[in-house]
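K.L.:
Dumping the structure here so I can ask a few things about it.
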Amino acid sequence: MDYSFDFSFLRDYWPMLAEGLWLTVQLALMATVAGFLLGTLCAVASTSGSRILRAIVGLYVEIIRNTPLLVQLFVVYFGLASLGLKFSATTSAVIGLTINIGAYSSEIIRAGIESIHKGQIEAGDCLALSRWQVLATIVLPTAVEKVYPALASQYVLLMLGTSIASQISAEEMTAAASRIQSDTFRPFEVFLVIAALYLLLSFAMRGLFWALGQFAFARRRKLGTTL
């Protein structure tokens, strides 16, 4: 095999790659925040006393976990458009990614809630806290702390999953790479660079989640020991 590597052509395409990289970051951040909120609401509903809420959340989780992300994006982008609800590719990507990660976040947070000792909840009751105060100040913070590593890993996988959004014409990093390689006919070099950028993003996100965890949970532990 006689193949000569050449990365020099990428200098002309860095603006396109930078735009794709920025959109990838935006998609990941927006879907992470929205998916965490959706997952938290679903986790609370799935651990509530309402059978109807538990059934609805259970159906949602099973549908999302047993269908491909790409199909979910197609439903949002193409399916809803046929019903008159038209969204841009970027908006559809955010909606689809949020719905997807919300289901996985729900199961992770639910496991955290169910792992909390009943004594902590009873202590909140003894302090005359309302059900929502117990949930907001005791149950959810403790549950999220317990499952935080699993959540962080899931959100890193979400960032990598944003590459699928290229299939609905969202101009993220993978879509930019496809356009570049179609112009230059150098797919090996292009996708090696893209793989390296995704690797760097993964490390950056893990570092960010570690720093957030240290700030949030170390502070809680310090307050707990003080009290």
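Rule-based calculations on the coordinates, nothing more; no lab input. Only a predicted model underlies this, so the values are computations on that prediction, with no experimental measurement involved. Using ideal geometry, Cβ is built from the backbone for each residue, glycine included, and neighbour counts are taken over all protein chains shown.
K.L.:
Could you sort 74-85, 18-29 so that the peptide with the highest average Cβ count within 10 Å comes first and the rest follow in order? Provide the component values of the computation, followed by the final result.
P.N.:
Working: 74-85: 13.2, 18-29: 18.7.
Descending mean neighbour count gives 18-29, 74-85.
K.L.:
Report, in debye and to the nearest 20, how large the dipole of the chain comes out about its Cα centre when Lys and Arg carry +1 and Asp and Glu carry -1 on their Cβ.
P.N.:
Values: 16 positive and 14 negative charges, 199 e Å.
I would put it at about 960 debye.
K.L.:
Additional query: At a threshold of 8 angstrom on Cα-Cα distance, excluding pairs fewer than six apart, so keeping six or more, what relative contact order does region 1-98 reach in percent? Mind dumping the intermediate values first?
P.N.:
Numbers: 43 pairs, mean separation 29.1, N = 98.
Value for region 1-98: 30 percent.
K.L.:
Based solely on its DSSP helices, what 222 nm [θ] is calculated for the chain when runs of n ≥ 4 H residues each add -39,500 (n - 2.57) and the sum is averaged over all residues, nearest 500 deg cm²/dmol? Please list the in-between numbers first.
P.N.:
On the way: 9 runs with 167 residues, N = 227.
Taking each H run of at least 4 residues, the total per residue is -25000 deg cm²/dmol.
K.L.:
Select from LEU197, ALA45, VAL156 the residue farthest towards the positive end of the dipole of the chain; place +1 on Cβ of Lys and Arg, -1 on Cβ of Asp and Glu, and compute about the Cα centre.
P.N.:
Checking the options against the dipole of the chain, the answer is ALA45.
K.L.:
Right, another one. Efficiency by 1/(1 + (r/R0)^6): what FRET value for TRP22 and ALA136, r their Cβ-Cβ distance, R0 = 41 Å, to the nearest 0.05? All intermediate terms of the calculation are to be shown ahead of the outcome.
P.N.:
Values: r = 34 Å, r/R0 = 0.84.
Once the sixth-power term is evaluated, E becomes 0.75.
K.L.:
Another question, if that's okay. Have a look at THR32, VAL61, ILE108 and report the one farthest towards the positive end of the charge dipole of region 25-159, computed about the Cα centre with Cβ charges (Lys/Arg +1, Asp/Glu -1).
P.N.:
Farthest towards the positive end: VAL61.
K.L.:
Follow-up. How much length would be gained if the chain were fully extended between PHE185 and ALA218, taking 0.36 nm per residue of separation minus their Cα-Cα distance, in nm to one decimal?
P.N.:
Details: separation 33, 0.36 × 33 = 11.88 nm, distance 5.04 nm.
Value of the extension gain: 6.8 nm.
K.L.:
Could I ask something else about it? In angstroms, what radius of gyration and Dmax does region 176-222 have, counting Cα atoms only?
P.N.:
17.8, 57
K.L.:
Calculate how steeply helix 51-65 sits against the longest principal axis of the alpha-carbon atoms of the chain, using the helix alpha-carbon long axis, and give the answer as 0 to 90 degrees to the nearest 10.
P.N.:
20 degrees
K.L.:
With no solvent and one equal point scatterer per Cα, compute the Debye intensity ratio I(q)/I(0) for region 57-177 at 0.10, 0.12, 0.20, 0.23 Å⁻¹ and report its log10, rounded to two decimals.
P.N.:
Log10 I(q)/I(0), no solvent term: -0.44, -0.58, -1.04, -1.22.
K.L.:
Between helix 187-226 and the chain, what is the angle of the helix's C-alpha long axis to the longest principal axis, kept within 0 to 90° and rounded to the nearest 10?
P.N.:
Computed tilt is about 20 degrees.
K.L.:
While we're looking at this one, here's another question. Subtract the Cα-Cα distance of SER50 and LEU199 from 0.36 nm times their separation in residues, and report this length gain in nm to one decimal.
P.N.:
Numbers: separation 149, 0.36 × 149 = 53.64 nm, distance 4.28 nm.
The span from SER50 to LEU199 would gain 49.4 nm if fully extended.
K.L.:
Taking Rh as the Kirkwood radius computed over C-alpha pairs, what is the Stokes-Einstein D of region 1-116 at 10 °C in a medium of viscosity 1.306 mPa s, expressed in µm² per second?
P.N.:
Values: Rh = 16.5 Å.
It comes out at roughly 96 µm²/s.
K.L.:
Sticking with this one: May I ask for the angle, rounded to the nearest 10°, between helix 14-46 and the longest principal axis of the chain, with both axes built from Cα atoms and the value confined to 0 to 90°?
P.N.:
Rounded to the nearest ten degrees, it is 20.
K.L.:
Kindly rank 141-153, 31-43, 204-216 from highest to lowest mean number of other beta carbons found within 10 Å of each residue. All intermediate terms of the calculation are to be shown ahead of the outcome.
P.N.:
Values: 141-153: 17.8, 31-43: 20.3, 204-216: 13.5.
Those peptides, ordered most packed to least, come out 31-43, 141-153, 204-216.
K.L.:
Something else: Restricting to Cα pairs below 8 Å that are 6+ residues apart, what does the relative contact order work out to for the chain? Please round to a whole percent. Please list the in-between numbers first.
P.N.:
Details: 218 pairs, mean separation 63.0, N = 227.
RCO, the chain: 28 percent.
K.L.:
From the gyration tensor of the Cα coordinates in the chain, what semi-axes in whole Å does the equivalent ellipsoid have, largest first, with each one equal to sqrt(5λ)? Before the final figure, lay out each step's value.
P.N.:
On the way: eigenvalues 321, 102, 31 Å².
Semi-axes from the Cα gyration tensor: 40, 23, 12 Å.
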